[in-house]
1. Residues 81, 24: which one is of a type in the set (Phe, Trp, Tyr) and either assigned to a helix (DSSP H, G or I) or away from ligand 2 (no atom under 16 Å from the Cβ) (or both)?
2. Filter the range 47-62 down to the residues that are near ligand 2 (Cβ under 8 Å from one of its atoms) and open to solvent by less than 40 Å² (accessible area, probe 1.4 Å) and list them by number.
3. Just to be sure I understand, how many residues within the range 77-100 are away from ligand 1 (no atom under 14 Å from the Cβ), out of contact with any strand residue (DSSP E or B) (no Cβ under 8 Å at 6 or more places or on another chain) and not polar (S, T, N, Q)?
4. Just one of 44, 96, 101 is farther than 22 Å from residue 29 by Cβ, under 16 Å from the mean Cα position of the chain (by Cα) and assigned to a loop (DSSP other than H, G, I, E, B); which is it?
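The values are calculated or read from the model by the stated rules, or taken from the named source; none is laboratory data. It should be emphasised that the depicted structure is a prediction, and the values quoted were computed from it without experimental measurement. Note that we place each Cβ from the backbone using ideal geometry, even for glycine, and neighbour counts take in every protein chain shown. All accessible areas refer to the heavy atoms of the entire protein, side chains included, with ligands and DNA or RNA removed. Shrake-Rupley method; radii C 1.70, N 1.55, O 1.52, S 1.80 Å.
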Amino acid sequence: MQGIIKGLAYTLKHIPKKKVTHHYPDEPMEMPDRFRGIQHLDPEKCIVCNQCARVCPTDCITLSGRPHPDPGKKGKILDTYNINFEICILCDLCTEVCPTEAIVMTNNFELSAYSRDDLYKDMEWLHENNTNIRSENKV
Ligand code: SF4
Ligand code: SF4
């Protein structure tokens, strides 16, 4: 009996306190700014140096480019860029090595899908994933 009273007292004491639970997914979760979330890619900034693909520990980045069509301009332009989020571990190494910050982490984390194929994200998708970019990478 004493235990029940103690339990009730504890419950009543905590009812007026601020709730710590979150109504996810009805209310979106805001992750801290250094959170390692799904990458955003800016194809215009990419110089096709391949460093991100080389450093990736899980080999989940594939990309291709071609020489700039304008003969007056040096360098390459990006044609395709894909990340396979079935095996990406969001380790942040690709963004750390990128010399132009063409690829940066965001605070977005929602990737759930019914098909594994949907976890294969292309250049357009990565480019459009442009919300919640880390403040240090915002222009
Ligand atoms: S976050 Fe890590 S695992 Fe994912 S693409 Fe970048 S380097 Fe590869
Ligand atoms: S490291 Fe950056 S610039 Fe180089 S290929 Fe990757 S995204 Fe492009």
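1. Details: 81 fails: either assigned to a helix (DSSP H, G or I) or away from ligand 2 (no atom under 16 Å from the Cβ) (or both).
Just one listed residue meets the conditions, 24.
2. Listed by number, the residues that qualify are 48, 52, 53, 61.
3. Here is the first cut: in the range 77-100, the residues away from ligand 1 (no atom under 14 Å from the Cβ) are 77-80, 99-100.
This time we only want the ones that are out of contact with any strand residue (DSSP E or B) (no Cβ under 8 Å at 6 or more places or on another chain), so: 99-100.
Imposing the further condition that a residue be not polar (S, T, N, Q) reduces the set to 99.
Here the count works out to 1.
4. Working: 44 fails: under 16 Å from the mean Cα position of the chain (by Cα); 96 fails: assigned to a loop (DSSP other than H, G, I, E, B).
When all the criteria are applied, what remains is 101.
Listed here are the residues, each with its yes/no results for (1) within 18 Å of residue 53 (Cβ to Cβ); (2) loosely packed, with under 15 Cβ neighbours inside 10 Å.
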{"position": "89", "(1), (2)": "yes, yes"}
{"position": "95", "(1), (2)": "yes, no"}
{"position": "106", "(1), (2)": "no, no"}
{"position": "117", "(1), (2)": "no, yes"}
